[in-house]
1. Just to be sure before I move on: is Val312 of a type in the set (Val, Ile, Thr) and within 25 Å of the chain's Cα centre (by Cα) in the structure I sent?
2. Which one of Ile221, Ile252 is in contact (Cβ under 8 Å) with a residue 24 or more places away in the chain and surrounded by 13 or more Cβ atoms within 10 Å (Cβ to Cβ)?
3. Starting from residues that are exposed (fewer than 11 other Cβ atoms within 10 Å of the Cβ) and over 16 Å from Phe232 (Cα atoms), keep the ones in the range 38-64 and report whichever is modelled with the highest pLDDT.
4. Inspect all residues belonging to the range 268-284 and state whether any of them is in contact (Cβ under 8 Å) with a residue 12 or more places away in the chain, touching a helix residue (DSSP H, G or I) at 6+ places or on another chain (Cβ under 8 Å), buried (at least 18 other Cβ atoms within 10 Å of the Cβ) and small (Gly, Ala, Ser).
5. Among the residues in the range 346-353, are any exposed (fewer than 14 other Cβ atoms within 10 Å of the Cβ), outside any strand (DSSP E or B) and basic (Lys, Arg)?
6. Considering each residue of the range 180-199, count those that are open to solvent by 50 Å² or more (accessible area, probe 1.4 Å) and more than 16 Å from Tyr126 (Cα to Cα), and give that number.
7. For the range 211-226, enumerate the residues that are modelled with pLDDT of 90 or more and in contact with a Ser or Thr (Cβ under 8 Å, 6 or more places away or on another chain).
8. Determine if the range 141-149 includes at least one residue that is out of contact with any Ser or Thr (no Cβ under 9 Å at 6 or more places or on another chain) and at pLDDT 85 or above.
Amino acid sequence: PLNLQESESENKLDGETASDSESRSEFGGPPAVPTSDDTPEVLNRALSNLSSRWKNWWVRGILTLAMITFFFIIIYLGPMVLMTIVMCVQIKCFHEIITIGYNVYHSYDLPWFRTLSWYFLLCVNYFFYGETVTDYFFTLVQREEPLRILSRYHRFISFALYLTGFCMFVLSLVKKHYRLQFYMFGWTHVTLLIVVTQSHLIIHNLFEGMIWFIVPISCVICNDIMAYMFGFFFGRTPLIKLSPKKTWEGFIGGFFATVLFGWLLSYVMSGYRCFTCPVEFNNDTNSFTVDCEPSELFQLQEYNIPLVLQPVLGWKTVRMFPFQIHSIALSTFASLIGPFGGFFASGFKRAFKIKDFANTIPGHGGIMDRFDCQYLMATFVNVYIASFIRGPNPSKLIQQFLTLRPDQQLHIFNTLKAHLVDKGLLGGSEDA
């Protein structure tokens, strides 16, 4: 009996229980996701004399530089290309997660799962992006009759589309497989929550200014690289069982390197209007513009250095952008909390005995393997902006006022005038 128990325990992943084994049996076994060597043949030949450890280091390094170069190129191409890339990444991440579920689900040849999954993706994107178009392109929407109708009934249309998918799911239920089908229904909706909602928030951050898009993403990339470097050369102490290769040395080294990087990058970018100005749609030219008078966040201010640090630094004051202070909060989150998105993904992969979500990027796995921390970061940035940065937007309010009936506009005008008179900002009817 003792040998039998040892044999069973060896065949299970860490933390797997008897119920996990039963569940795996019911769902047709773990998904067969390819884990073969997908390194390009050119790199295989060039690095053939190196050990597997150093070969992996060079492959990851080369592909990382290639991805960073691609990141700079799409930034140069402007906001519209960035939004398109975010949309493509969202679709690819959704595909990778749903494919894992389908490999379990496909065994029973039950109808409509993949069709319904992509249909729900379409519905959710229609809802979120329709809200964004109405919010940021209000004048354009009001100018075109079809868009105005779609905008007015947008939420009703979105609900009707979702309700159609819901009814299709109910009609697809097959006897003896109800629990499995509801399991996959939940799988699809959790995937939508994780992937689509977060990508929507990324685009909202982009509209606040390119700097709110670039700095957080760059901090996550920096932390990923520096934690790997510190862990590779100095790592000795395991950090978490979900990711055995992660070490405390890499975690701590990545934190300090990321905070410094975020602070310096913010200083450089805060001096350029193309990064600091909100991304707005110009109705005259039908194009995006990023030209404005920089807000106080992006104007150099003088700060007093704490008395304790003055003898060490030799300075009493320092001039820097207020945004650099916010960048410390962003980089700290990217370093301390952001990695938990990666730990979550590691736990997910261990649950299904897969190495990566896919093999899209050699040495890095799938797109979801690279963006697991980015989605968590996007939510934090959006909450941070709403809590500490964003105020009322006068231009949006004026756009909405202009669409009201003349009597409604006159009512608002008289109300605002009376309020300003009470505040002493207007002297009375002669100033009107």
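The values are calculated or read from the model by the stated rules, or taken from the named source; none is laboratory data. Keep in mind that this is a model prediction, so the values were computed, not measured. Neighbour counts run over all protein chains shown; Cβ positions are idealised from the backbone, glycine included. The accessibility values were calculated without ligands, DNA or RNA, using every heavy atom of the protein model including side chains. Shrake-Rupley method; radii C 1.70, N 1.55, O 1.52, S 1.80 Å.
1. no
2. Ile221
3. Of everything passing the filter in the range 38-64, Asn49 is modelled with the highest pLDDT.
4. yes
5. Checked against the condition, which is being exposed (fewer than 14 other Cβ atoms within 10 Å of the Cβ), outside any strand (DSSP E or B) and basic (Lys, Arg), the range 346-353 yields no hits at all.
6. Residues meeting the conditions: 4.
7. Ile211, Val215, Cys219, Cys222, Asn223, Met226
8. yes
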